[in-house]
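Participant: Dumping the structure here so I can ask a few things about it.
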Amino acid sequence: MIVVMNHTATEEEILKLMEELMSSYPVQIQKITGQERTVLGFVGDTSGIDTTQIENDSRVYRAMRVREPFKKANRLFHPDNSIIEVGGRKIGGGDIAVIAGPCSVESEEQIVSVAEDVKRSGATFLRGGAYKPRTSPYAFQGLEEDGLELLKIAREKTGLPIVTEIMYPQTIDKFVEDVDIIQIGARNMQNFALLKELGRTRKPILLKRGLSSTIEEWIMAAEYIMAGGNDQVILCERGIRTFESYTRNTLDLSAIPAIKKLSHLPIIIDPSHASGLAYMVEPMCMAAIAAGADGVIIEVHNNPAKALCDGPQSLTPAEFDKVIGKMRKYAAVEDRQISEVK
């Protein structure tokens, strides 16, 4: 349930109404100050609240029930787009964020070299997998904690904030200390124990859509994190499983405008995992810009043919430079630009 306050209501009147309602009903109320009006978002049992009675209050413009099961992630609760700021860089708010780097951290030379290359081209975040959830138990599982240390070295040398995937609740303290944006992979989107623990942190979370998850299930996963108190959530569409076998997954571009309508959270796309094919990354990035995405996350490897993980979908640094150059031109057509460090 939400209550839209009258534009004439003072801050004192709004706070007084919140106190009255929370003392009368078993709810918590979040106050969101928008560009035009203040909105009160109710979390809890609102079944006993008479919206007509609330609307009769002179301080209130409108009271309405929220049909969707997600509350804190709902655009009705937060009319303005959320902007996640990390190290002077923003995700959301108009500019297009670019996260780039290898699927897996393989060595210091590899991750530092790629980090330097993608930064030179204009990427503002470095991705790299230290822990790798793989379908086969015999596939490369990542360097784990050693990989995290190598990512930190790359960050120190380039200044790029690092984005990497967490797999286990017991490593949260380490990730909170060392990582700038914690990624939740598709396989863990509904690992509710992990989501709840991350909700107790204040670290930005990049939440990838599950392999076969609906948009509502995806937003509800974000709700788990936000319900714990962490509203620093970035959604990532990385392709869903369909009957098509030519591509690794099917990139659901329609999820971008759907999320923009339903939620205030920023959304980026992962064209590398969605297609599994390097040559598709460029056109999918252009399509994502047209659909309104807040950013992209792209796999870049200095030698894809010898990559320990996902070589066929990785761009070389030269290919990435070409793609980001084209993205700049296309973004300008949409009156947007690639994010820059201020």
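The values are calculated or read from the model by the stated rules, or taken from the named source; none is laboratory data. None of these values were measured; they are calculated from a predicted model. Because the Cβ atoms are built from the backbone with ideal geometry, glycine has one as well, and the counts that use them run over all protein chains shown.
Participant: With the structure loaded, tell me whether G142 is in contact (Cβ under 8 Å) with a residue 12 or more places away in the chain, closer than 27 Å to A332 by Cα and of a type outside the set (S, T, N, Q) or whether it fails that test.
Facilitator: Values: in contact (Cβ under 8 Å) with a residue 12 or more places away in the chain: yes; closer than 27 Å to A332 by Cα: no; of a type outside the set (S, T, N, Q): yes.
It is false that G142 is in contact (Cβ under 8 Å) with a residue 12 or more places away in the chain, closer than 27 Å to A332 by Cα and of a type outside the set (S, T, N, Q).
Participant: Return yes or no: is T38 surrounded by 14 or more Cβ atoms within 10 Å (Cβ to Cβ), among the polar types (S, T, N, Q) and more than 32 Å from the chain's Cα centre (by Cα)? Walk me through it before giving the result.
Facilitator: Details: surrounded by 14 or more Cβ atoms within 10 Å (Cβ to Cβ): yes; among the polar types (S, T, N, Q): yes; more than 32 Å from the chain's Cα centre (by Cα): no.
In short, no.
Participant: Continuing with the same structure: Which number in (1) under 21 Å from E299 (Cβ atoms); (2) surrounded by fewer than 23 Cβ atoms within 10 Å (Cβ to Cβ); (3) modelled with pLDDT of 95 or more marks the one condition that A115 misses?
Facilitator: A115 satisfies every listed condition except (2).
Participant: Only one of (1) touching an Asp or Glu at 6+ places or on another chain (Cβ under 7 Å); (2) more than 21 Å from I268 (Cα to Cα) fails for F175. Which number is that?
Facilitator: Result: F175 fails condition (1) only.
Participant: Within segment 125-132, is even one residue surrounded by fewer than 24 Cβ atoms within 10 Å (Cβ to Cβ), out of contact with any helix residue (DSSP H, G or I) (no Cβ under 8 Å at 6 or more places or on another chain) and hydroxyl-bearing (S, T, Y)?
Facilitator: Residues of segment 125-132 surrounded by fewer than 24 Cβ atoms within 10 Å (Cβ to Cβ): 131-132.
With the extra rule that they be out of contact with any helix residue (DSSP H, G or I) (no Cβ under 8 Å at 6 or more places or on another chain), the set shrinks to 132.
Going one step further and asking which of them are hydroxyl-bearing (S, T, Y), we end up with none.
No - not one qualifying residue is present in segment 125-132.
Participant: Restricting segment 156-170 to residues that are in contact (Cβ under 8 Å) with a residue 40 or more places away in the chain and in a helix (DSSP H, G or I), which is surrounded by the most Cβ atoms within 10 Å (Cβ to Cβ)?
Facilitator: Top of the filtered list is T158.
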